[in-house]
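*Asks:* Please see the structure below; I have some questions.
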Amino acid sequence: MSQKEFWIVGKHAVCEAIKNTKRTVVEIAILEQNEFFIKSITSKKLKIVNKKFFNKICNNEHYHHQGYAAKIKNFDKKNLKEEIHTIDNLLILNDINDQRNIGSILRNCLAFHIRNVIIPNQFYKYDSLNLYITAAGSMEKINIYEVSNVNNAIKILKENDFWVVGFDQNSKDTLESFTFSKKNALILGSEGFGIKPLVRSQCDHILKISISSELESLNVSNASAIILYELAKKNRPR
């Protein structure tokens, strides 16, 4: 598969891409004030640009670019079936389409040692500026498995002894009282619609996060942080 080139912006996104030996960085463009810092992490040739350059690549929309940009190539798609033996815990994003939410979830995954995420390919915009900015560099450290069918991915996981755990605030079973297995696939659904019925039917457990009765639900990225923290806490060596 040919690797497409695209621009990303933001200090963390750009610097982590530069540091990643598996990532092809085609070009680096920065405001002059950032030259000293970038030269401390790379010997690659730099292009000094003005703010108009960022307006152009950001389509005149307001992104927190911090004066850092890089043109990079996307990664080749990863194969879940071929790499399943290297995975113990992973997250499945079921129809979450907001790239900022996806980026924040990936950042949470890195914070709590989850390195593998399954995303339906119709909702994963690998060249999204919002995705890279909110992921804050974690795009370079998380394995993303793009799939055309989440149900088929779940079938592969179950064949390899994963417990499939979905989350729904209407469940009677709570995350806090749940005991995780050694191999877990955690499913988060879209805000407003939740996990799709067919995907839900394949879950071994459906859990909820215990929150105040005054609030109906949490933002999906905030919910992911709580869920991943609980998984990390309960799976710590004793």
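FYI, it's all coordinate maths here, none of it is from the lab. Note that this is a predicted model, so its numbers are computed, not measured. All Cβ positions, glycine included, derive from the backbone under ideal geometry; neighbour counts span all protein chains shown.
*Asks:* Working from Cα positions, state the angle (0 to 90°, nearest 10) between the long axis of helix 150-159 and the longest principal axis of the chain.
*Replies:* 60
*Asks:* Determine, from the Cβ-Cβ distance of ASN20 and LYS233 and an R0 of 41 Å, the FRET efficiency 1/(1 + (r/R0)^6), rounded to the nearest 0.05. Walk me through the numbers before you get to the answer.
*Replies:* Values: r = 29 Å, r/R0 = 0.70.
About 0.90, to the nearest 0.05.
*Asks:* Rounded, prolate or oblate for the stretch 56-112? Axes are the square roots of the Cα gyration tensor eigenvalues, ordered a ≥ b ≥ c, and the cut-off for rounded is a/c under 1.5.
*Replies:* Working: a/c = 2.38, a/b = 1.83, b/c = 1.30.
Taking the square roots of the gyration eigenvalues as a ≥ b ≥ c, the stretch 56-112 is prolate.
*Asks:* Report the convex hull volume per residue for the stretch 90-132, counting only C-alpha atoms, in Å³.
*Replies:* Numbers: hull volume 2.6 nm³, N = 43.
About 61 Å³ per residue, rounded to a whole number.
*Asks:* Still on this model: Considering just Cα atoms, how many Å³ per residue does the convex hull of the stretch 26-161 enclose? Intermediate results must be reported in sequence, preceding the final value.
*Replies:* Numbers: hull volume 17.0 nm³, N = 136.
In the stretch 26-161, the Cα convex hull volume per residue is 125 Å³.
*Asks:* A further question follows. Once amide H atoms are placed 1.01 Å from N in the peptide plane, what residues at a sequence separation of 5 or more from ASN184, or on another chain, have their amide H within under 5 Å of its amide H?
*Replies:* When sequence neighbours closer than 5 places are left aside, the close amide H contacts are ASN89, LEU90, TRP163.
*Asks:* Further, regarding this structure: What does a probe at LYS52 reach in the stretch 1-31, counting residues whose amide N is under 17 Å from the point 7 Å along Cα→Cβ?
*Replies:* 30-31
*Asks:* Also, quick follow-up: In whole Å, what is the distance between the alpha-carbon centres of the stretch 19-46 and the stretch 156-213?
*Replies:* Between the Cα centres of the stretch 19-46 and the stretch 156-213 lies a distance of 41 Å.
*Asks:* How high is the relative contact order of the stretch 80-234, given as a whole-number percent (alpha carbon pairs under 8 Å, six or more residues apart)?
*Replies:* Numbers: 265 pairs, mean separation 45.5, N = 155.
Contact order relative to length: 29 percent.
*Asks:* Restricting to the stretch 5-73, what percent of DSSP beta bridges are antiparallel, rounded to 5?
*Replies:* Once the DSSP bridges in the stretch 5-73 are tallied, antiparallel ones form about 75 percent.
*Asks:* Let me ask you something else. If you take every DSSP beta bridge whose two residues both sit in the chain, what share of them, in percent to the nearest 5, is antiparallel? Walk me through the intermediate numbers first.
*Replies:* Working: 11 of 35 bridges.
Here the antiparallel bridges make up roughly 30 percent for the chain.
*Asks:* Helix 220-234: angle to the longest alpha-carbon principal axis of the chain, degrees 0 to 90, nearest 10?
*Replies:* Here the helix axis deviates by roughly 70 degrees.
*Asks:* Taking only DSSP H segments of four or more residues, each worth -39500 (n - 2.57), what value at 222 nm results for the chain once the sum is divided by all its residues, to the nearest 500 deg cm²/dmol? Walk me through the numbers before you get to the answer.
*Replies:* Details: 9 runs with 75 residues, N = 238.
Helix-only estimate at 222 nm: -8500 deg cm²/dmol.
*Asks:* Where Lys and Arg each count +1 and Asp and Glu each count -1, what net charge lies around VAL199 among other residues with Cβ under 12 Å from its Cβ? Please report the intermediate quantities before stating the final value.
*Replies:* On the way: positive: LYS155, LYS196, ARG200; negative: ASP95, ASP168.
Overall, the nearby charge balance is +1.
*Asks:* Would you tally the net charge around GLN3, using a Cβ to Cβ cut-off of less than 13 Å, leaving GLN3 out, and scoring K and R as +1, D and E as -1?
*Replies:* Residues close to GLN3 contribute a combined charge of +3.
*Asks:* At 7 Å along Cα-to-Cβ for each site, give me the label-to-label distance between SER217 and ASN79 in nm.
*Replies:* Distance between label points: 3.6 nm.
*Asks:* So what is the diffusion coefficient of the stretch 5-73 in µm² per second by Stokes-Einstein at 25 °C and 0.890 mPa s, using a Kirkwood Rh over Cα pairs? Please list the in-between numbers first.
*Replies:* Working: Rh = 11.9 Å.
Reported coefficient: 206 µm²/s.
*Asks:* Quick one: what Rg and Dmax do you get for the stretch 111-238 from the alpha carbons, in Å?
*Replies:* Expressed in Å, the Cα Rg and Dmax of the stretch 111-238 come to 14.9, 41.
*Asks:* At 37 °C and 0.692 mPa s, grab the translational diffusion coefficient of the chain from Stokes-Einstein with a Kirkwood Rh over Cα pairs, rounded to a whole number in µm² per second. Present the calculation step by step, with values, prior to reporting the outcome.
*Replies:* On the way: Rh = 19.0 Å.
The estimated diffusion coefficient comes to 173 µm²/s.
*Asks:* Quick check: residue separation of SER171 and LYS155 times 0.36 nm, minus the Cα distance between them. What number comes out in nm? List each step's numbers first, then the result.
*Replies:* Details: separation 16, 0.36 × 16 = 5.76 nm, distance 2.31 nm.
Result: 3.5 nm gained on full extension.
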